[in-house]
Structure formats: structure tokens, C-alpha cells
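Enquirer: To start, I am sharing the structure in question, which I have written as C-alpha cells.
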Amino acid sequence: MLQNKLVESPIEILNGWKKAVLVRYGELSLKSESTRRFMENVLIRNIKWMLNRKKVPYDSIFRERGRIFLSSDSPRMVAQVLSSVFGVVSTSPVLVTSSEMDEIIRLSERVADVLIKPNDSFAIRARRVGTHSFTSIDVEKKVGEVILARTRNLNTKVNLTQPDKCIFIEVREKKTYIYHEVFPGPGGLPYNSEGKMVALFSGGIDSPVAMWLMMKRGCKVVPIYFDNTPYTDESNYNRTMSVIKILREYATQDKFYIYIVPHGKILEKAITQAPRRLTCLLCKRAFYRVATIIAEKENAKGIITGESLGQVASQTLDNLMVLNEATHLPVFRPLIGLDKLEIEGTAKKIGTYEASCIKTASCSAVPDKPRTKAKLEEVKKAEKELMDTIQEESNLAKRIYIE
């Protein structure tokens, strides 16, 4: 979460004006009227849920076209918390005044008194919606002239390209909102506005990013972790739980859980009763099959994976086709066109990177030379010995709830 490094914020310390939070959303405004209304309702529900979870107070919430506003005496705290809610493009703590030019200038002066320091450059950015006797440019010029004259003894100057400080003015029909901070949000669609999916989740760098990206597209996601003990140790499980707790903070739902599936028995059969070069593919197809059973139980509509084309042996185009055949559900691979640096960059942005980099034991079941261009016929023949264990494994899956 980004924020301006200010010792004091005029939004917090100025009294006499109503304080609020301006919440911006993006593509929701492009939807049809009925779809937009539905998604706005989901977004507002998620906003309320997040504030209640974080125990951040607010007084009321209301909407205008393309905007959601919250009244609060702690607008900066509210704005920061809501900048992690899917569907939110950005937030700003604001002061509220009327849309009369004199009142806009008066409040802008007070904000400038606190915000602008000696030798600062500044700019005024205005946006206007509705019918008024002035334009956005009029607001910028008049407010800018007044503030420049008011701060001349501070050796200030106007800089419209890279100002030290910027005062934003959003004029709406009857009310105007003045602010100086913008907290970027994740954007996307409101969480749980597009249905449910399951996700293959290992806790490494890739799968958390894949899950987060589909959450960003409005999907409610149920993660599934396959425990490869005795071919790995508990360090993998511990890492997984550390990472899922981070992603839980993005999931605006009361009951959030992960399935833990004991996978060692199938892996043992794949090693001892099938060609060794196919071990990884057989293991991964078993993931898909068990995930399909759990998805049907959860009424989920797809499987999310962290696969990226060509990254490892099981992720060649040929092998991905073999994997797809193991399920009748659509498989979503949001990382498919990203390289490792792009994936790592997203992991850092969402806060999972460090936890995902915790050192864990490597899987000892990985063969020396895994097949990179497997044939479906040979894989299906080899996995016949595994099929009786698929249902057994899914029955042993346990839900672990994450607070």
C-alpha cells in the first residue's frame, strides 16, 4: 500500500468540515445498469465486511455514479484499509464542502495552509461532474491563483508536471471533495461477484499469485494443498499456511478455509508402479482429479493453477494438454503468459513473496529426467494403477479454517 510520507495530514487535523472517504472503481462503471448495480452492491458489502474485520469505524456509506463515499472521523485509516479491497481502483480521505466557488476556495486555502511548506511547488487538479457556472479549468485557475498569493512568503511556485504537493478538487452537483492523497487499490471486480473456483495451492511463488489474480477477477477461491509427505517434510506445509494467511486478508468472507489432501500414497504408486519419467505428470493429473471431486462438492466452476508455459518440465504445451484431459472442468492459468520476473513482481506487490521464499525441502519424488513431451495414451495406461486411490485421497481431505 502506497502513501505520501507526510508528518501531518490536513484531512485529519482540520475541523469544521465533514470528513469522508472517496472510493473509486473502474470497469464496474462500464457495465450495463443491472450488472453495475449488482456489482456495486457486492463491492459495498465487501467494503463493510473489511472495515468490520479491521474494526475501523465509519458512520455511513452512500454512492454516486462512479463513486462510493463513506463518512468517517478516521478517513485516512478507512482509505488505507479499503485500498486492499478487490474492485477498488483507489481511495482518498477527503474534506467535504459545498460546490459554491467561494466555499471551494475557502477550504482549499485551509488545506494549503497545512499541506504546503517553504519552497514547495504545487498544482491544483480539478474534476467536475454536473451542472455549474464554472469549468474544471476555472477551478484550477482561481484556486491556484489564491493559493500562490497566499503562500508567496514561503517562496512557493506552481509546477504542473512534477509538483511537490498536489491538491485535488472533485466537484459534484452539490458537494465538493478536496483531498491530497490517493491510495492505489487492486482494481478488478468485487470479490465473489463471479462465482467460485478451487485452486491448486503449494505456497510457492506462483500459485499464490495465480489465486490472487483470479480473486481480483471476482472469483471466490477455495485453495487445495497436496501434502506429499513422506517425499517432503512439514516445512512445505508450514510455508503454505504462512502464505494462505496473507491471501486470507484479501478474501472478504467469514468462513475461509483450505483443503489439506494427503498425497503420499498416490505419489508412492506413481513412483513404484509407473515409468519414473512420468512421475510428475501422474502426480499432477492426480491433483486435477482430486481437485475436480472437491470442486464438485464445493459447487465450484473451475480449477486455478499457477502454471506458466515452459517454466518447468510439466508445463510444456504438450504436457499441459495431457493435464487438461484429467478433468472436465475448465482450467484457469492466469500466469500462462508471464515470465518469472513478472510473477515475482506481483508476489512482492501483494505481500506473499517473502513467505513464499521460505526455504523448504525439495520433493524427493521428482525424477532425474522428467518427460517433457508425454503422449496421452502412455500416461493414461500408466495411471490405471492410481485410479482406485483418487477417491480415497479426496475422502481424506480436511478443511482447515483460516481466521
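Enquirer: Can you name the condition, by its number, that residue 402 falls short on among (1) out of contact with any helix residue (DSSP H, G or I) (no Cβ under 9 Å at 6 or more places or on another chain); (2) surrounded by 15 or more Cβ atoms within 10 Å (Cβ to Cβ)?
Expert: It is condition (1) that residue 402 fails.
Enquirer: Report, by residue number, each residue of region 258-281 that is more than 16 Å from residue 391 (Cβ to Cβ), surrounded by 20 or more Cβ atoms within 10 Å (Cβ to Cβ) and over 28 Å from the mean Cα position of the chain (by Cα).
Expert: 267, 270, 274, 278, 279, 280, 281
Enquirer: What tally of residues in region 43-53 results from selecting those that are surrounded by fewer than 20 Cβ atoms within 10 Å (Cβ to Cβ) and either aromatic (Phe, Trp, Tyr) or in contact with a Phe, Trp or Tyr (Cβ under 8 Å, 6 or more places away or on another chain) (or both)?
Expert: 1
Enquirer: Is it the case that some residue within region 6-22 is buried (at least 21 other Cβ atoms within 10 Å of the Cβ), out of contact with any His (no Cβ under 9 Å at 6 or more places or on another chain) and in a helix (DSSP H, G or I)?
Expert: no
Residues are listed down the side, and each one gets a yes or a no for (1) hydroxyl-bearing (Ser, Thr, Tyr); (2) more than 29 Å from residue 165 (Cα to Cα); (3) modelled with pLDDT of 95 or more; (4) not assigned by TED's automatic domain parsing to the domain that holds residue 214:
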site	(1), (2), (3), (4)
5	no, no, no, yes
20	no, no, yes, yes
52	no, yes, yes, yes
64	no, no, no, yes
73	no, no, no, yes
88	no, no, yes, yes
92	yes, no, yes, yes
103	no, no, yes, yes
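Enquirer: Looking at region 7-29, I want the residues that are free of Cβ contacts under 8 Å to residues at least 60 places away in the same chain and have a partner that is among the basic types (Lys, Arg) with Cβ atoms under 9 Å, at least 6 apart or on another chain. Which pairs are those?
Expert: 16/110; 29/36; 29/65
Enquirer: What is the one condition in (1) more than 16 Å from residue 207 (Cα to Cα); (2) surrounded by 14 or more Cβ atoms within 10 Å (Cβ to Cβ) that residue 325 does not satisfy?
Expert: (2)
Enquirer: Taking region 251-281, which residues are within 30 Å of residue 45 (Cα to Cα) and outside any strand (DSSP E or B)?
Expert: Here is the first cut: in region 251-281, the ones within 30 Å of residue 45 (Cα to Cα) are 251-260.
Passing the criteria: 251, 252, 253, 254, 255.
Enquirer: Hey, another quick one. Would you be able to say whether some residue in region 87-94 is part of a loop (DSSP other than H, G, I, E, B), on the phi > 0 side of the Ramachandran plot, touching a strand residue (DSSP E or B) at 6+ places or on another chain (Cβ under 8 Å) and surrounded by 19 or more Cβ atoms within 10 Å (Cβ to Cβ)?
Expert: Checking region 87-94: at least one residue is part of a loop (DSSP other than H, G, I, E, B), on the phi > 0 side of the Ramachandran plot, touching a strand residue (DSSP E or B) at 6+ places or on another chain (Cβ under 8 Å) and surrounded by 19 or more Cβ atoms within 10 Å (Cβ to Cβ).
Enquirer: What is the number of the single condition among (1) more than 18 Å from residue 232 (Cβ to Cβ); (2) of a type outside the set (D, E, K, R); (3) in contact (Cβ under 8 Å) with a residue 40 or more places away in the chain; (4) surrounded by 19 or more Cβ atoms within 10 Å (Cβ to Cβ) that residue 372 does not meet?
Expert: Here residue 372 meets the rest and fails (4).
Enquirer: Out of the residues in region 54-74 that are β-branched (Val, Ile, Thr) and in contact with a strand residue (DSSP E or B) (Cβ under 8 Å, 6 or more places away or on another chain), state the one that is surrounded by the most Cβ atoms within 10 Å (Cβ to Cβ). Even if it seems obvious, please write down each step before you answer.
Expert: First pass over region 54-74, keeping only residues β-branched (Val, Ile, Thr): 56, 61, 68.
Filter once more, so that each one left must be in contact with a strand residue (DSSP E or B) (Cβ under 8 Å, 6 or more places away or on another chain): 61, 68.
Values: 61: 17, 68: 22.
Filtering region 54-74 for residues that are β-branched (Val, Ile, Thr) and in contact with a strand residue (DSSP E or B) (Cβ under 8 Å, 6 or more places away or on another chain), the one surrounded by the most Cβ atoms within 10 Å (Cβ to Cβ) comes out as 68.
Enquirer: Quick one: in region 30-42, which of the residues that are surrounded by 14 or more Cβ atoms within 10 Å (Cβ to Cβ) and in contact with a helix residue (DSSP H, G or I) (Cβ under 9 Å, 6 or more places away or on another chain) is nearest to residue 168 (Cα to Cα)?
Expert: Within region 30-42, the subset surrounded by 14 or more Cβ atoms within 10 Å (Cβ to Cβ) is 31, 36, 38-40, 42.
In the following step, the residues that additionally are in contact with a helix residue (DSSP H, G or I) (Cβ under 9 Å, 6 or more places away or on another chain) were identified as 31, 36, 39-40.
Working: 31: 27, 36: 26, 39: 27, 40: 24 Å.
The extreme case among them is 40.
Enquirer: May I pose another question? So, in region 38-68, exactly how many residues are assigned to a strand (DSSP E or B) and within 21 Å of the chain's Cα centre (by Cα)?
Expert: 2
The values are calculated or read from the model by the stated rules, or taken from the named source; none is laboratory data. Everything numeric here is computed off the predicted structure, so don't read it as measured data. So basically every Cβ, Gly included, is an ideal-geometry build from the backbone, and we count neighbours across all protein chains shown.
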